Amino acid sequence: MSISKPPFFDRNNYSHWKAKMTIFIQALDFNLWDIIIDGPELPQTISKEGVKSPKPGSLYTDEDRNKVQLNAKAKHVIICALNSNEFNRVSSYATAKEMWDRLQVTYEGTNQVKDAKINMLLREY
């Protein structure tokens, strides 16, 4: 596997791909992994009334641009690892976290689904 090419996901063996992808992203840049797990800190403005809204790109500082670029890089790494069907599933999301979470829910289910499966298995034995 090339260090510049993420592990490819073709809808088979999600848990294996997820483990490899986690390590790949962390090795590439641990800040990208933080963005995927915690979500990006996208630039915002706060009105006099205390209402937060997205900061216009024309007002970005260098720090703001770095934050936005980290999210874009994280999205790029995820998208480069997906086949066309999976790309279509996540391409409309604005953040890498949303993309990652969508894949996780699709292939692992929600925590409620996981708990229900565990309880069902426990009852069988």
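The table below lists the values:
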| quantity | calculated |
| --- | --- |
| Mean separation of Cα contacts under 8 Å (6+ apart) over length of the chain, as relative contact order % | 28 |
| Between the range 41-87 and the range 1-39, the Cα center-to-center distance that results, in Å | 20 |
| Angle in degrees between helix 96-108 and the longest Cα principal axis of the chain, rounded to the nearest 10 | 10 |
| Calculated percent of Cα pairs over 27 Å apart (choose from [x] 26; [y] 32; [z] 13), label | [y] |
| 0 to 90° range, to nearest 10: angle between helix 111-124 axis and the chain longest Cα axis | 10 |
| Within a Gaussian network of the chain (alpha carbon springs, distance under 10 Å), most fluctuating of THR110, THR95, THR45 | THR45 |
| Long-range HN-HN contacts of ASP29 with modeled amide H, under 5 Å | none |
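Bear in mind that the values in this text are calculations on the coordinates, not laboratory data. This is a predicted model, so every value here is computed, not measured.
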